[in-house]
Amino acid sequence: MTPKRNKLANIVRAYFSRPLNTIALLCFILVVLLCVFAPLIVPENYNTIHVNRIFEKPSWQHIFGRDRLGRDYLGRVLFGGRLTLKVASFATVIGFLLGTAAGILCGYFGNTLDTVVMRFIETLEAVPFLLLVLVFEIMLGLGTGNYRYALGVAMIPRLTHFVRAEVMKLRSQEYIEASRSIGCSEMQIIFRHILNNIFPILILQLLRCFAEAVLTCTICGYLQIGFTPPMADWGTLVADGYHVLRVYPWISLLPSGSVILTVLSLNLIGNGLHDALGQKQ
Amino acid sequence: MTKYILKRVLLIIPSLLLVVLVIYSLLTFVSFGKPFSLSLYRGDFLDKIFEFFHVQGGFFSRYVRYCWNVIVRLDFGSSAQTGMTITEELMPRLGRTMLLTVLSLITAAVLGIPLGIGAAMNRNNWQDNLASVSTLLLSSVPSYVLTIILVLIFALYLGVLPVSGIENWTSYIMPVIVTSMGSIAETTQITRSAISSVMNRQYISASKGMGIPSRQLTYMHILRNSLTPIISTLARNAAAVLGSSLIVENFFTIPALGSYLIKAVNDRNFTRVLGCSFVIAAALILINFAADLVNILIDPKLRASISSGKAGEV
């Protein structure tokens, strides 16, 4: 076994040594699988309206009951989850790639590039999240989920600050200097040394970004920004149930529970991975 | 030192202008296009409207005029819907938003720091577990779910707090809890790690050996020396708290900047959106500036590096 694989095996072993980590990973996989295979699971189309069966209680046939238009609520929740996860992963990919790239470039090259980009990032930070979402919505069209770009862009500043600080720490290390002295190109240093060294913490940041994207995505849904009905993410479903909370509590509880389950399991995975990576050293 | 602060003060203006330029150009070129471009308005009537709302001239001259009016005369124009000036509409809302933000920050400090101290002092004890579990839960529960839970308990079942709106000071209790929950979690975590890193230093062991009482040791030596990262985190959090209070206002239908902004966008009210974003951006930039000042005040290392002219590297 190469030392590298050995290290990976150690991390994996350290991760699975705590049962809570395993449970969290299983929960997250379960949520993703349920959402991905939603079309195979739901008993009927989630958009079929049954006016005479509104707010039907959960039963064996329709385990989540029916909503205010008599639609099968299991389908609503699962397809809502599909939408939420889709938007969140899109935003995470955009924000993560741009933020990390900006952070590495600023941290590594410094000087004028650093000043200019960081000034831009600070300006971006000064645009509040809500305004950013609304601007993107108007810019690209309302109701088709264009706020996902805003979710991604909102992620960039924090990630850039974080990655930049890490890269700056690495830049002054001796082995970087050594590799430069033996004639490594800048690209080689960035990809072989810098990126390799910050890879573990990048994974942790990725998990955190995704968890945050799920939260912010559902917050937009709750504020009725995002998709036009009947498409609805988990946040919209919670908002729908808010008015009938005392009479039909499951309408709000089920999607809220799904959000909490997803984000909690992501955070637990992140914590577990953090500990597992820490034990290695 | 003074030079550095002066430089930062002067940098506020270009960042503000840049924020406004971005929003202004987005609103002009992309969404709103030509204001009053309804087919109802024709000919000289349209010209009169343009004159009234100062929308003549090219994009750049309008932008310069707008910035000039705002910065020199604090005049954001007037709303096309109510005829009131934007300043008149914004000021009470800005007050509510800032009150919510400041109260939430204080709550975060008051709750987060003791929780973090307790967690760091009693590692792997119930207090530590409580702190880590609560931070985990607070960062996993979406703010609207917390809102629903709080409303359910305190407004519907117990009936002690108002559900929404602003009546008296009790109306702020639930919004403050919801707004501050994220930074409570973060403050707790930072306090815990800052304190644990100071606790293992040799001078703490030495002080302990000298027989300094543990309470005095905790507050005078450990807390004082770990205060820098805690306060700088809190200061940096201020911007995030302002952002989240803009969102939480909507959950409780508080008439403040956040709900105003959403309504303005839905109404396609150019002047309102612009004035509101200007005020929010200005508040955020000022908050960040204040945070930097606080950092300089409490961190001697930072002060030294600024005096020696290496401010760019910290």
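Tabulated values for the structure
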item	result
Qualifying residue in region A:13-32 (condition: surrounded by fewer than 16 Cβ atoms within 10 Å (Cβ to Cβ) and either assigned to a loop (DSSP other than H, G, I, E, B) or modelled with pLDDT under 85 (or both))	yes
Filtered residues of region A:142-164 (kept if facing another protein chain (nearest Cβ under 10 Å) and either in contact (Cβ under 8 Å) with a residue 60 or more places away in the chain or part of a loop (DSSP other than H, G, I, E, B) (or both))	A:Leu142, A:Ala154
Answer from B:Ile148, B:Ile153 - the residue that is open to solvent by less than 70 Å² (accessible area, probe 1.4 Å), on the phi < 0 side of the Ramachandran plot and not hydroxyl-bearing (Ser, Thr, Tyr)	B:Ile148
Inter-residue pairs, beta-carbon under 9 Å, first under 18 Å from A:His243 (Cα atoms) and in region A:46-61, second assigned to a loop (DSSP other than H, G, I, E, B) and open to solvent by 70 Å² or more (accessible area, probe 1.4 Å), 6+ apart	A:Ile54/A:Arg68; A:Phe55/A:Arg68; A:Phe55/A:Val247
Output for region A:242-263, where each listed residue is open to solvent by less than 70 Å² (accessible area, probe 1.4 Å) and in contact (Cβ under 8 Å) with a residue 40 or more places away in the chain	A:Val244, A:Tyr248, A:Trp250, A:Ile251, A:Leu254, A:Pro255, A:Ser258, A:Val259, A:Thr262, A:Val263
Qualifying residue in region A:217-228 (condition: open to solvent by 20 Å² or more (accessible area, probe 1.4 Å), part of a loop (DSSP other than H, G, I, E, B) and polar (S, T, N, Q))	yes
Single unsatisfied condition, B:Val160 versus (1) open to solvent by 60 Å² or more (accessible area, probe 1.4 Å); (2) away from every other protein chain (no Cβ under 14 Å); (3) outside any loop (DSSP other than H, G, I, E, B); (4) among the β-branched types (Val, Ile, Thr)	(3)
Residue in region B:116-126 that is at pLDDT 85 or above and either under 28 Å from B:Val163 (Cα atoms) or of a type in the set (Asp, Glu) (or both) present	no
Selection from region B:209-233 of residues that are open to solvent by less than 60 Å² (accessible area, probe 1.4 Å) and either of a type in the set (S, T, N, Q) or at pLDDT 85 or above (or both)	B:Thr218, B:Ser226, B:Thr228, B:Ile230, B:Ser232, B:Thr233
Residue match in region A:93-106 (condition: within 14 Å of chain B (Cβ to nearest Cβ), in a helix (DSSP H, G or I), within 27 Å of A:Ala165 (Cβ to Cβ) and not small (Gly, Ala, Ser))	yes
Top-ranked residue in region B:253-271 [being of a type outside the set (Phe, Trp, Tyr) and open to solvent by less than 20 Å² (accessible area, probe 1.4 Å); ranked as farthest from the other protein chains (Cβ to nearest Cβ)]	B:Ile254
Region B:102-117, subset open to solvent by 10 Å² or more (accessible area, probe 1.4 Å) and in contact with a helix residue (DSSP H, G or I) (Cβ under 8 Å, 6 or more places away or on another chain), residue farthest from B:Val241 (Cα to Cα)	B:Ile117
Index of the failed condition, B:Leu99 passing every other in (1) more than 30 Å from B:Cys276 (Cα to Cα); (2) surrounded by fewer than 21 Cβ atoms within 10 Å (Cβ to Cβ)	(1)
Residue list for region A:126-139, filter: open to solvent by 10 Å² or more (accessible area, probe 1.4 Å) and more than 7 Å from chain B (Cβ to nearest Cβ)	A:Leu132, A:Phe136
Lone qualifier among A:Asn45, A:Asn6 - being loosely packed, with under 13 Cβ neighbours inside 10 Å, over 23 Å from the mean Cα position of the chain (by Cα) and within 18 Å of A:Leu83 (Cβ to Cβ)	A:Asn45
Total residues in region B:99-140, condition within 14 Å of chain A (Cβ to nearest Cβ), in contact with a Leu (Cβ under 8 Å, 6 or more places away or on another chain) and among the aliphatic types (A, V, I, L, M)	3
The listed residue being on the phi < 0 side of the Ramachandran plot and within 14 Å of chain A (Cβ to nearest Cβ), out of B:Ala194, B:Ala240, B:Ala206	B:Ala240
Conditions (1) hydrophobic (A, V, I, L, M, F, W, C); (2) at the interface with chain B (Cβ under 9 Å from one of its Cβ atoms); (3) open to solvent by 10 Å² or more (accessible area, probe 1.4 Å): number failed by A:Leu266	(3)
Members of region B:243-252 that are facing chain A (nearest Cβ under 7 Å) and more than 17 Å from B:Leu286 (Cα to Cα)	B:Ile247, B:Asn250
All positions within region A:133-143 that are of a type outside the set (A, V, I, L, M) and under 14 Å from A:Cys217 (Cβ atoms)	A:Phe136, A:Glu137
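To keep it simple, each residue is scored yes or no on (1) in contact with a Leu (Cβ under 8 Å, 6 or more places away or on another chain); (2) in a loop (DSSP other than H, G, I, E, B); (3) crowded, with 22+ Cβ neighbours inside 10 Å; (4) not basic (Lys, Arg).
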| position | (1), (2), (3), (4) |
| --- | --- |
| B:Gly165 | no, yes, no, yes |
| B:Met174 | yes, no, yes, yes |
| B:Ser183 | yes, no, yes, yes |
| B:Glu186 | no, no, no, yes |
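The values are calculated or read from the model by the stated rules, or taken from the named source; none is laboratory data. These numbers come from a predicted model, not from an experiment. Cβ: placed from backbone, ideal geometry, glycine included. Neighbour counts: every protein chain shown. Note: accessible area is taken over every heavy atom of the protein model, side chains too, but ligands, DNA and RNA are not part of it. Shrake-Rupley method; radii C 1.70, N 1.55, O 1.52, S 1.80 Å.
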